[in-house]
Structure formats: structure tokens, C-alpha cells
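Since the structure comes first, as C-alpha cells, the remarks are kept for the end.
The values are calculated or read from the model by the stated rules, or taken from the named source; none is laboratory data. In this text the structure is predicted, and so the values were computed from the model without any measurement. Cβ sites come from the backbone with ideal geometry, for glycine too, and all protein chains shown count toward neighbours. Side chains included, ligands, DNA and RNA excluded: accessible areas come from the protein's heavy atoms. Shrake-Rupley method; radii C 1.70, N 1.55, O 1.52, S 1.80 Å.
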Amino acid sequence: MTERKNGLTYADSGVDIDAGNRLVDLIKPLVRATARAGADAEIGGFGGLFDLKAAGFTDPVLVAATDGVGTKVKIAIEAGLHSGIGIDLVAMSVNDLVVQGAEPLFFLDYFACGRLEPEATAAIVAGIAEGCRESGCALIGGETAEMPGLYKEGDYDLAGFAVGAAERGTLLPHGDIEAGDAVIGLASSGVHSNGFSLVRKIVANSGVALNAPAPFAPVMTLGGALLTPTKLYVKSCLRAIRETGAVKGLAHITGGGFTDNIPRVLPKHLGVGIDLARVPVLPVFKWLAEQGGVAQLELLRTFNCGIGMIAIVKQEAVDTVSDAFTASGESVALLGEVIPAAGEHRVVYNGHLDLSR
């Protein structure tokens, strides 16, 4: 039998183990910076550890959430701007935890690509670490998958998984939500991480290049403006919950917009009435609506339109809760109130969004 002189290696197939090890070395200090009570945020083992007792919980209920950032990654790839996409990844999960009254504890990420570029990938992980630090949760593990043949060179995708906890009996929403309760909105930072399949179609039809000045924000490129990271609401919401005791429910405005997300925290016999004139529509949504000819109801079911989080509070506590949010740096808008549900229409819109530019 003739021996093969040049046997194939894993690297010949397109997978570079050394690059993976180099990435781990690059991100170790980033991950370590997310350490908190309960986790030392060291990576390299086969699993991440978290000590609930050391974190100060007595009788905790765990809450878990997982998400990605959808086709927003295509904008990041095409624009060559990756630093904020990691914040998006964290935000999409931890914002879902806090609406249930849970404090985010730890986060894990999954990153898949066609060819691993350690420095570029480290920039994405740096964003994940920043999002974790801002949310008070530890980055305790993750997975990097180099998969040539499944992903084109330069393409990647990422997903995240977060776990939080709340003491038993403190979870949201509360069972006492009733007609007359106030609906408060917290401003978003931009498109966040939903509706980007429509965004990309509108951008393509507009003829405006991602590296051109954004028509709605000329000091930024279009790509940079669209990639504004999702706002993290964890600290402001936990502060309002704990300091006021008057927050009955929270709704993270993601895919499905106001129309589909607000009813998720309401009893089935209740809905909300929203005064659209009070929604602080951001310039990006006005441009998208104009360029795409997007109808108002479609906007409200696809995008956050300028409001990324909804709080349902006791009517007499509106000022107290609003002050708590404002003290945390949030921009607050009183949008309407809880009403009896009118059949299948749980969100009733009054007036029109201000889409004038």
C-alpha cells in the first residue's frame, strides 16, 4: 500500500483551531470584566458556574430568555461595523428578563462564521461584554463555531442565552392590573433589532448606500445610524420596580411592535388605549415610512416607532414612577391607559403618529 505523503488537516478543510485559541486569549480579559457576585466570569472550562446564594438570593425563581439579532447582522457585515452588534445580542435577552421582574445574572453567547477572524470576532465579543456589564450580568461562557461551506467567508450569525432570577412572589406582571392603570413608554435608541428584513428592503429600494450620510441623521452614515445598539433597560426598570413598588407590568417592544407585545402582559379581558400623538417617533422611522410607503398600522406592528419599553403603573403613581425612570436617564412619555378589551383588538390606537420630517 502506498502511503499518502501529504495527509489532510483540519486547517485544510477551512477550520483553524489555532485561530480559535487566539480568540479565547483575546477575549479572556473582556469576559473577566463582567464578573459579579455569584460568578467569576472565567472562561475555558466545559461549563459556566453561577452561585445563587453568593448573589444574595433566598428563595429565587429562575427566568431564562434566548434571542438573536436577526438580519441586522447583514447590515453590520455589509457596512463593516461590528462593535455594537454584541450589545444588541445582550439587550434582546436581558430586556426580556427584566419585564418579568428578574435581575439578569449570567449570559452565554453562540457565534458562528465561515472563517474565524480573531480580532474582528473579539470586537463583537467586546460589545457582548459591554452589554453584560451595563446589565449587571456575568458573561460565563460561549461557543465559537467555524463552519466553512455553511457560511460564506465574511458572514456570521450569533445568538444569546440569559438567565435571571427574582425572589418568589415578586415576578411581573402583577395580577392586579385593571382598567384605568396608566401606560408609560420609555424611548428607544433607534430600530433596535427587529424589522430589519423590511429595513434592508427599504434601503435597497432607496438607492442610498450604507456608507453615505443618513438622510435622517447627516452626521452619521446610514449604516452607522441603522446599527445604533438596542437600548438596555435593565437598570432603569429594576430601579423603578424596587423603589416605587408601583410597576404592575412591563412589555419589551420587539417584533410585533405595540400591537402584539403589550397584550402579552395583560389579563385577557383587558387592553390598552394608546394616544399615537404622544409617541416620540424617531427620525429613522419617519424616513423608513416615507421611503417604503409603510402604512401606520404596519409600522406599529413591525417597529418600536420610538418606544422600546412599556410600563403599566398605578394611575396615582405615574409621577413617582416617571421620576424614577427619569433619574435613570430614561425619556418618558405617558401614552394612554388600560381599558376593557374590545373583542380581539387588545390595543386601540387613537389619532396618528407624527411622521412629518
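Under the rule of at least 5 residues apart or a separate chain, name every residue whose amide H is placed under 5 Å from the amide H of Thr34.
Placed amide hydrogens put Leu139 under 5 Å from Thr34.
For Leu335, what is the net charge nearby, where nearby means another residue's Cβ is under 10 Å from its Cβ and Lys, Arg count +1, Asp, Glu -1?
Details: positive: Arg278; negative: Asp275, Glu337.
Net charge around Leu335: -1.
Just by accessible area at a 1.4 angstrom probe, what is the order of Tyr110, Tyr349 from largest to smallest?
On the way: Tyr110 90, Tyr349 50 Å².
The residues order as Tyr110, Tyr349, largest area first.
What does the accessible area per residue of region 270-343 come to in Å², with a 1.4 Å probe and no ligands, DNA or RNA counted? Mind dumping the intermediate values first?
Numbers: 2850 Å² over 74 residues.
The answer is 39 Å² per residue.
So how far apart, in nm, are the two label points at Lys53 and Val219 if each is 7 Å from Cα heading toward Cβ?
5.2
How high is the relative contact order of the chain, in percent, counting Cα pairs under 8 Å that sit 6 or more residues apart?
Values: 765 pairs, mean separation 73.8, N = 357.
Across the chain, relative contact order equals 21 percent.
222 nm [θ] for the chain, helices only, -39500 (n - 2.57) per DSSP H run of 4+, per residue, to 500? It would help to have the intermediate numbers written out before the result.
On the way: 11 runs with 115 residues, N = 357.
The per-residue figure over the chain is -9500 deg cm²/dmol.
What is the set of long-range amide H partners of Met220 at a cut-off below 5 Å, with H atoms built 1.01 Å from backbone N?
Amide H neighbours of Met220, under 5 Å, 5+ apart: Ala214.
Which whole-Hz ³J(HN,Hα) couplings does region 202-208 yield from phi under the Karplus relation 6.51 cos²θ - 1.76 cosθ + 1.60, θ = phi - 60°, glycine and proline marked x?
5, 4, 4, 6, 6, x, 8
For region 1-115, what is the accessible area per residue in Å² when the probe is 1.4 Å?
Values: 6160 Å² over 115 residues.
Result: 54 Å² of accessible area for each residue.
Find out how many positive minus negative residues lie around Ser356, taking Lys and Arg as positive, Asp and Glu as negative, among other residues whose Cβ is under 14 Å from that of Ser356.
Details: positive: Lys286, Arg357; negative: Glu290, Asp354.
Net local charge, Ser356 excluded: 0.
When the Karplus curve 6.51 cos²θ - 1.76 cosθ + 1.60 is applied with θ = phi - 60°, which whole-Hz ³J(HN,Hα) does each residue of region 55-68 get, with x for Gly and Pro?
For region 55-68, the Karplus-derived couplings read 7, x, 8, 9, 9, x, 10, 7, 10, 10, 8, 9, 6, x Hz, x marking Gly and Pro.
If amide H atoms are built 1.01 Å from N in the plane of the peptide, which residues on other chains or at least 5 residues away come under 5 Å of the amide H of Ile307?
Ser188
Add +1 for every Lys or Arg and -1 for every Asp or Glu among the other residues with Cβ under 13 Å from the Cβ of Ala123, and state the total.
Numbers: positive: none; negative: Glu117, Glu119, Glu130.
Value of the local net charge: -3.
Within region 132-270, what whole-number % of the accessible surface is contributed by carbon and sulfur, with the 1.4 Å probe and all protein chains included in the calculation? Before the final figure, lay out each step's value.
Details: 3010 of 5720 Å².
Carbon and sulfur: 53 percent of the exposed surface of region 132-270.
State which entries of Lys74/Lys235; Lys235/Lys286; Lys231/Lys268 exceed 32 angstrom in Cα-Cα distance in the structure shown. Let's see the in-between values first.
On the way: Lys74/Lys235 29 Å; Lys235/Lys286 29 Å; Lys231/Lys268 29 Å.
Listed pairs above 32 Å: none.
Tell me, how many Å apart are the Cα centres for region 82-104 and for region 133-209?
6
Take the Cα of Lys74, step 7 Å along the line toward its Cβ, and report every residue of region 289-330 whose backbone nitrogen sits under 17 Å from that point.
292, 303
On C-alpha positions alone, give me the angle between the axis of helix 17-32 and the longest principal axis of the chain, in degrees, nearest 10.
Once rounded, one gets 40 degrees.
Taking the full set of protein chains and a 1.4 angstrom probe, give the accessible area of Glu103 in square angstrom, rounded to the nearest 10.
Looks like 40 Å² after rounding.
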